[in-house]
1. Can you work out which of the residues in region B:337-373 that are within 14 Å of another protein chain (Cβ to nearest Cβ) and among the β-branched types (Val, Ile, Thr) is nearest to B:Gly178 (Cα to Cα)?
2. Residues in region A:33-45: is at least one under 24 Å from B:Val194 (Cβ atoms), surrounded by 17 or more Cβ atoms within 10 Å (Cβ to Cβ) and within 13 Å of chain B (Cβ to nearest Cβ)?
3. If you check B:Ser242 against the conditions, is it in contact (Cβ under 8 Å) with a residue 24 or more places away in the chain, within 10 Å of chain A (Cβ to nearest Cβ), crowded, with 16+ Cβ neighbours inside 10 Å and within 28 Å of B:Val336 (Cα to Cα)?
4. Could you list, in sequence order, all residues of region B:195-226 that are within 14 Å of chain A (Cβ to nearest Cβ) and either within 30 Å of B:Lys2 (Cβ to Cβ) or more than 24 Å from the chain's Cα centre (by Cα) (or both)?
5. Quick one: is A:Asp20 in contact with a strand residue (DSSP E or B) (Cβ under 9 Å, 6 or more places away or on another chain), within 11 Å of another protein chain (Cβ to nearest Cβ), surrounded by fewer than 16 Cβ atoms within 10 Å (Cβ to Cβ) and not hydrophobic (A, V, I, L, M, F, W, C)?
6. Considering only region B:164-183, state which residues are crowded, with 24+ Cβ neighbours inside 10 Å and in a loop (DSSP other than H, G, I, E, B).
7. Of all residues in region B:51-72, which are in contact with a helix residue (DSSP H, G or I) (Cβ under 8 Å, 6 or more places away or on another chain) and either modelled with pLDDT of 95 or more or among the aromatic types (Phe, Trp, Tyr) (or both)?
8. In region B:83-140, what residues are of a type in the set (Phe, Trp, Tyr) and touching a strand residue (DSSP E or B) at 6+ places or on another chain (Cβ under 7 Å)?
Amino acid sequence: MEKQGVIVTKNDSLATATVDLKKGDIAKMFLGDEVIEVVMKEDVRFGHKFAIKDIKKGEHVIKYSESIGTATQDISTGEHVHVHNVESDRGRGDKKHQ
Amino acid sequence: MKFMGYRRNDGKVGIRNYVLILATSVCSNKLAEDISRAVEGSTHINNTFGCCQLGGDARLTLKTIINTGIHPNVGAVLVVGLGCEGAEPLEVYNEIKKTGKKVEMITIQGEGGTLKAFAKGVSISRKFAQELSLEKKVECDISELILGMECGGSDTTSGLASNPTCGVASDILVEMGGTSILSETTEFIGAEHVVARRGINEKVSQEILNLVRGCEERAIALGEDIRGGQPTPGNIEGGLTSIEEKSLGCIHKSGTAPFQGVLQYADIPAEKGLFIMDTPGQDIESITGMVAGGAQVVIFTTGRGTPTGNPLAPVIKLTGNFHTFKNMEDNIDFDVSEIVSGHKTIKEMGEKLFEEIVEVCNGKITKAEALKHKEFCIYKIAPTF
């Protein structure tokens, strides 16, 4: 099965790139029998994540059907999802003092 | 299923047969290492503690040293102390002797300096090494195996491929009556509710949640942002965005079996099955704890690559990152990257990994053993005074 990304569960809002992807590439992924295709809006390298649906600022970002953090800005389908637009909600000793 | 192992006087089974040169404190650490270098078939631990520690911290170091000394992969022990340290050499000697294991003790002060202690130590260890070389393996049941599970240098392939592969192997072992230990409490933060659901009863589930809450509170009490420490810069470079994401990937190592209970660091499980041990995310401290807890073999998943071994237990390293396997083929034993590319399933690689574990139990040496990696580090829970 030729694919460019992996989606873990059907509830996930993102996929992990299994090859280096360039802006404009079509990333094909399988979820069971379903084929999902996303047009890349930016370069995303192997092992990094990209959105497979639009995510609003303040929403939880979902992988493994669980939250992996909160979006700090709006993210659209095909964009890189990582520390620049997602913040962890745990272990935040820094937040206690704000 | 059977494997060939060394039956010890306390009934436990080892898959290696070392003479352990056991330093009880940092002051005798160099001497212990020097003795070990001089004796074929011996091993040693790196002990940078063992004195001027207080309370729970002192007890933890002593427990880790003793439990490492009574480990079934060890056939005989030479306890090596300075003579005045907090982790008293005589106490360590006595606790090991109680289990029926061959043990002797020397101290630098007692022998009159390191040169004389070296000569005596090498002489004793040489005798032990020859005695152990006559020991024969016997057939043992796979249920006597304790498997330690670790992940380090994680990236996104860890959660997608290498950790679930580990989970399949763990499930197979537990199904056959064996024991498996999941570790690294920090790396449950964000996934603790998923883990707690698998406790065999409410008490165990609550213990798991308390364990993780305690860990997160310690981080928060420092007034620091846990990020940068966890996930590490390497994790982030590899695509992991948050501790939650890392943890959700990490917990896949434990497969689907129910959790029998929570172990404190370096505690030996009293029953069989799947356990959680409270260890930090620092790989070497974590592996040191699980091996002290009796794990005869360790599987270690890595995304970015790591060379880590252990003085007593073979550490089998695997990765789901094709680039990492090619880049660090000298150090990584097992490649499961075909799961990521879609050419192999998690189930088939998990079964292959289990076969590899059995081969290592039967004598196949890992790359870490071949390259003499003996990373060892006792978890410290308070400052020295």
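1. Ranking the candidates gives B:Ile346 first.
2. no
3. So B:Ser242 passes the test.
4. Hits for region B:195-226 are B:Arg197, B:Glu217, B:Ile220, B:Ala221, B:Leu222, B:Gly223, B:Glu224, B:Asp225, B:Ile226.
5. Spelling it out, A:Asp20 is indeed in contact with a strand residue (DSSP E or B) (Cβ under 9 Å, 6 or more places away or on another chain), within 11 Å of another protein chain (Cβ to nearest Cβ), surrounded by fewer than 16 Cβ atoms within 10 Å (Cβ to Cβ) and not hydrophobic (A, V, I, L, M, F, W, C).
6. Result: B:Ser183, single match.
7. Correct list: B:Leu62, B:Lys63, B:Thr64, B:Ile65, B:Ile66, B:Asn67, B:Thr68, B:Gly69, B:Ile70, B:His71.
8. Those that are of a type in the set (Phe, Trp, Tyr) and touching a strand residue (DSSP E or B) at 6+ places or on another chain (Cβ under 7 Å): B:Tyr93, B:Phe128.
The values are calculated or read from the model by the stated rules, or taken from the named source; none is laboratory data. Remember, predicted model here, so these are calculated numbers, not experimental data. Cβ coordinates were reconstructed from backbone atoms using ideal geometry, including for glycine residues, and neighbour counts include every protein chain displayed.
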